[in-house]
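**Q** Have a look at this one.
Values quoted throughout were computed directly from the atomic coordinates according to the rules given, and no laboratory measurement underlies them. What you are looking at is a predicted structure, and each value in this text was computed from that prediction instead of being measured. Heads up, the Cβs are rebuilt from the backbone with ideal geometry, glycines too, and the neighbour counts pull from every protein chain shown.
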Amino acid sequence: MATTADEIREEVRRRYAESARAVTERSGGCGSGACCVAGDSDASKFGEALYDAEQRGGLPEAATLASLGCGNPTAVAELREGETVLDLGSGGGIDVILSAKRVGPSGIAYGLDMTDEMLALARRNAADADIRNVHFLKGVIEQIPLPSDSVDVVISNCVINLSVDKPAVLAEIARVLKPGGRIGISDVVAEDRLTPEERAERGSYVGCIAGALSKGEYEAGLEAAGFEEVSVQFTHEVADGMHGAIVKACKTETPAAKGLPVIQPAAKTGCC
Ligand SMILES: C[S@@+](CC[C@H](N)C(=O)[O-])C[C@H]1O[C@@H](n2cnc3c(N)ncnc32)[C@H](O)[C@@H]1O
């Protein structure tokens, strides 16, 4: 059993590489092992079932087959024309392709993933969908390969629970977001009553259960990383006391935060 952070990350990478290969070979969406879709959870709680028919209709089959998320972050992020969006753990690319359509040719959608097989699948899916304003980057979400203050919106779908260093992920999201930028994340989140051991009894780490933060831990982590207007809302139960959830927050950098005099804006722009 994987125990160190490096071993856990390698096991996650291996499992999702297997999943990407299974989609490419059309032998099933999740390979032979557990991933976010499989295990004791019902398939309607993960993956393509969480997208409406209109969204699914405009996508290559392999992009929907590869969908392993626990929500639909593009539905909550309210993306606007011209924005730059970053999807953490982009998998087969479903949310990057949907985001690219929303932000249009004047916007950009980045997908970041550590698994070569997923990146190859996502690039093929974007080409099949004839989407050009996308860039798939190889890297880890704990060290995002983009400059500071360069992204309007960070989305992610069932990936942060898989990270071995969640404070680093939240700090990196805060770094790459522009002031006023926002997050719209779907993730598995535990009720505060569950200890880490109780979460691990309900499912595996690679199965997106054992590594989940609790609601209170998520809120405190985002606040510690400098976010405001933090909200974590449960949407559907995926295991006893464990839920698919929508996580929203804003990076607000006011002059006061830098110790400068505050000039009242003409109108509140709001970010969430
Ligand atoms: C559960 S799948 C979700 C994929 C996609 N977001 C979706 O909704 O279909 C998790 C994905 O995150 C990637 N991943 C997991 N941990 C990662 C990390 N620390 N850094 C980068 N990618 C990671 C995996 O390679 C995999 O493609």
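**Q** For the chain, modelled as a GNM with alpha-carbon contacts under 10 angstrom, which of GLY57, GLY207, GLY244 fluctuates the most?
**A** The residue with the greatest mean-square fluctuation here is GLY57.
**Q** Related question: In percent, what relative contact order does the chain have, based on Cα pairs under 8 Å that are 6 or more apart in sequence? Don't jump to the answer; show the numbers that get you there.
**A** On the way: 600 pairs, mean separation 44.8, N = 272.
The normalised contact order for the chain reaches 16 percent.
**Q** List the trypsin sites (Lys or Arg not before Pro) within region 111-160 that DSSP assigns to loop and that have no more than 16 neighbouring Cβ atoms inside 10 Å.
**A** Numbers: sites: ARG123, ARG124, ARG132, LYS138; in loops: ARG132.
Answer by residue number: ARG132.
**Q** Among the aspartates and glutamates, select those whose C-alpha is under 20 Å from the C-alpha of LYS178, and discard any that sit fewer than 8 residues away in the same chain.
**A** Once the sequence-local aspartates and glutamates are set aside, what remains near LYS178 is GLU78, GLU81, GLU83, ASP87, GLU142, ASP149, ASP152, GLU223, GLU228, GLU229, GLU253.
**Q** Take the cross-link list LYS166/LYS215; LYS45/LYS101; LYS215/LYS251 and give me the ones stretching past 22 Å between alpha-carbons.
**A** On the way: LYS166/LYS215 14 Å; LYS45/LYS101 25 Å; LYS215/LYS251 19 Å.
In this structure, LYS45/LYS101 lie more than 22 Å apart at Cα.
**Q** Before rounding to the nearest 500, sum -39500 (n - 2.57) across all DSSP H runs of length at least 4 in the chain and divide by the residue total; then give [θ] at 222 nm in deg cm²/dmol.
**A** Numbers: 9 runs with 84 residues, N = 272.
About -9000 deg cm²/dmol.
**Q** A further question follows. Arrange LYS178, LYS45 by Cβ neighbour counts within 10 Å, fewest through most, would you?
**A** Numbers: LYS178 17, LYS45 20.
Listing LYS178, LYS45 from fewest to most nearby Cβ atoms yields LYS178, LYS45.
**Q** Then there is this: Find, among the GluC sites (Glu not before Pro) in region 56-155, those assigned to loop by DSSP (not H, G, I, E, B) with at most 13 other beta-carbon atoms within 10 angstrom. Don't jump to the answer; show the numbers that get you there.
**A** On the way: sites: GLU61, GLU78, GLU81, GLU83, GLU117, GLU142; in loops: GLU78, GLU81, GLU83, GLU142.
The qualifying sites are GLU78, GLU81.
**Q** About the Cα centre of region 114-220, what is the dipole size in debye to 20, counting +1 per Lys and Arg Cβ and -1 per Asp and Glu Cβ, all else neutral? Don't skip to the answer; put the middle values down first.
**A** Details: 12 positive and 17 negative charges, 68 e Å.
The dipole magnitude comes to about 320 debye.
**Q** Take the eigenvalues of the Cα gyration tensor for the chain, scale each by 5, and report the square roots as semi-axes in whole Å, largest first. Provide the component values of the computation, followed by the final result.
**A** Values: eigenvalues 160, 106, 53 Å².
Semi-axes (√(5λ), whole Å): 28, 23, 16.
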